Amino acid sequence: MNTRLLGQTGLRVSILGLGAGQIGDDQLSDADAGRLLNTALDLGITLIDTARSYGRSEERIGAALRHRRGEFVLSTKVGYGVPGVPDWTSECVRRGIDDALRRLQTDVIDVAHLHSCPADVLLQSGVLDALEEAKSAGKVRAVAYSGENDDLVASILSGRVEVIQLSVNLCDQRGARFMVPAAAAAGIGVIGKRPTANAPWRFRARPEREDEAIYWERWQALGLREEMDPQELALRFSAFVPGAASCITGTAREAHLRRNCAIVERGALPEELRAKVHAAFSAVGARWLGVI
Ligand SMILES: NC(=O)c1ccc[n+]([C@@H]2O[C@H](COP(=O)([O-])OP(=O)(O)OC[C@H]3O[C@@H](n4cnc5c(N)ncnc54)[C@H](OP(=O)(O)O)[C@@H]3O)[C@@H](O)[C@H]2O)c1
């Protein structure tokens, strides 16, 4: 698996990372989650992204990968959900970091994101100060923000975040074509999330989950179905957006993970096809906002 530097953090990440949202699902056994996480590292994946809100994901990563901690870059998200502490306060960030370190069974979180707070909160509530203090204390390596649209622009302009995470996929090109180059030019590392737009081609009819439904509708409107196998088209687009270091595929299935690794090995889309993906979006998606 090829790797790239994550901005100026000094961290190096595989071009395909694992989004460990699905790993936290209670319907998955601990043993299966552990097997998938170890397989990811065996396949050369060196970025694992989780969050406080992903069910049992953090604790399973800690249990399954504690002995391999030196092999991967660990990313998580904080700012909310600490019992008895108001969300989006410096205390909540401090406690969130300490909780995550314990669950992840590690001494340091490589990339700690503020998880989708609005720009006003980001800039005025002390949450960035708390994250910077955690970095000074050696608990965090890189200060990061995950979000979309105007809030994401504010995070880039603040000059205080070293890594951003945003949706980067063929149904969500606003970020890929404007935010990613701007962030890269500012020396910020970029992690692309939802790299296959939640694989909308899996659903015959409009799915009920709101984010999946938005991408399903966009996918119908883009008219790209005939160009290439959609999973391949999507991943070879997202994994090679100039300026993005890695994209994090979400899956709890080993066969899917192996296939996704094999797909990115094929490299970027041929230029003509990449141009078609851009043109399809320009024709119908100029007003589509980034999906958190
Ligand atoms: N920061 C944020 O606010 C935020 C928001 C969303 C996501 N994320 C991060 O980004 C990661 C990925 O996002 P995501 O999972 O929402 O979107 P995604 O990676 O675009 O799509 C995931 C979906 O694609 C399916 N899939 C994966 N590989 C497949 C394959 N080879 N063939 C068929 N289906 C396949 C998965 O189903 P199976 O499980 O059946 O494989 C899963 O339901 C998350 O895990 C998380 O780490 C962050």
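Couple of notes before you dig in:
- Structure-based [θ]222 nm, the chain - -39500 (n - 2.57) summed over DSSP H runs of at least 4, per residue, nearest 500: -12000 deg cm²/dmol
- Listing Val73, Val277 from fewest to most neighbouring C-beta atoms within 10 Å gives Val277, Val73.
- Rh by Kirkwood over Cα pairs, then Stokes-Einstein D for segment 162-236 at 1.002 mPa s and 20 °C, µm²/s: 163
- Extension gain, Glu227-Asp211: 0.36 nm per intervening residue step, less the Cα-Cα distance, totals 3.4 nm.
- Above-threshold pairs, the threshold being 18 Å between Cα atoms, out of Lys193/Lys276; Lys139/Lys193; Lys77/Lys135: Lys193/Lys276; Lys139/Lys193
- For segment 23-167, radius of gyration divided by Kirkwood radius, i.e. Rg to Rh on alpha-carbons: 0.97
- Applying Stokes-Einstein at 4 °C and 1.567 mPa s to the Kirkwood radius of segment 149-189, computed over alpha-carbon pairs, gives a translational diffusion coefficient of 127 µm² s⁻¹.
- For Ser29, the shell of other residues with beta-carbons less than 14 Å away shows a net charge of -2, using +1 for Lys and Arg and -1 for Asp and Glu.
- Helix 254-265 and the longest principal axis of the Cα set of the chain meet at an angle near 70°.
- Taking a sphere under 11 Å around the Cβ of Glu148 and counting the other residues whose Cβ falls inside, with K and R at +1 and D and E at -1, yields a net charge of 0.
- When each of Val93, Val241 is scored by the number of other beta-carbon atoms lying within 10 Å, the sequence from fewest to most is Val241, Val93.
- With one equal scatterer per alpha carbon and no solvent term, the Debye-computed log10 I(q)/I(0) for segment 196-262 at 0.22 1/Å reads -1.07.
- Once Rg and the Kirkwood radius are both taken over the C-alpha atoms of segment 1-105, their ratio Rg/Rh works out to 0.99.
- Kirkwood Rh, angstrom, the chain [1 / mean 1/r, Cα pairs]: 19.0
- 0 to 90° range, to nearest 10: angle between helix 127-136 axis and the chain longest Cα axis: 70
- Tilt relative to the chain, helix 271-284 - C-alpha long axis, 0 to 90 degrees, to 10: 80
- Stretched out straight at 0.36 nm per residue, the stretch from Glu133 to Leu157 would grow longer than its current Cα-Cα span by 6.6 nm.
- Ranked by the mean number of other Cβ atoms within 10 Å per residue, highest first, peptides 198-210, 9-21 order as 9-21, 198-210.
- One Cα centroid belongs to segment 1-77, the other to segment 204-283; the line between them spans 21 Å.
- Toward the positive end of the charge dipole of the chain, with +1 on the Cβ of Lys and Arg and -1 on the Cβ of Asp and Glu, the farthest Cα among Gln165, Gly187, Leu224 is that of Leu224.
- Relative exposure of Cys117, Cys171, judged by other C-beta atoms within 10 Å (fewest first): Cys117, Cys171
Where a number appears in this text, it was derived from the coordinates with a stated rule and is not lab data. No experiment lies behind these values; they were computed from the predicted model shown. Cβ sites come from the backbone with ideal geometry, for glycine too, and all protein chains shown count toward neighbours.
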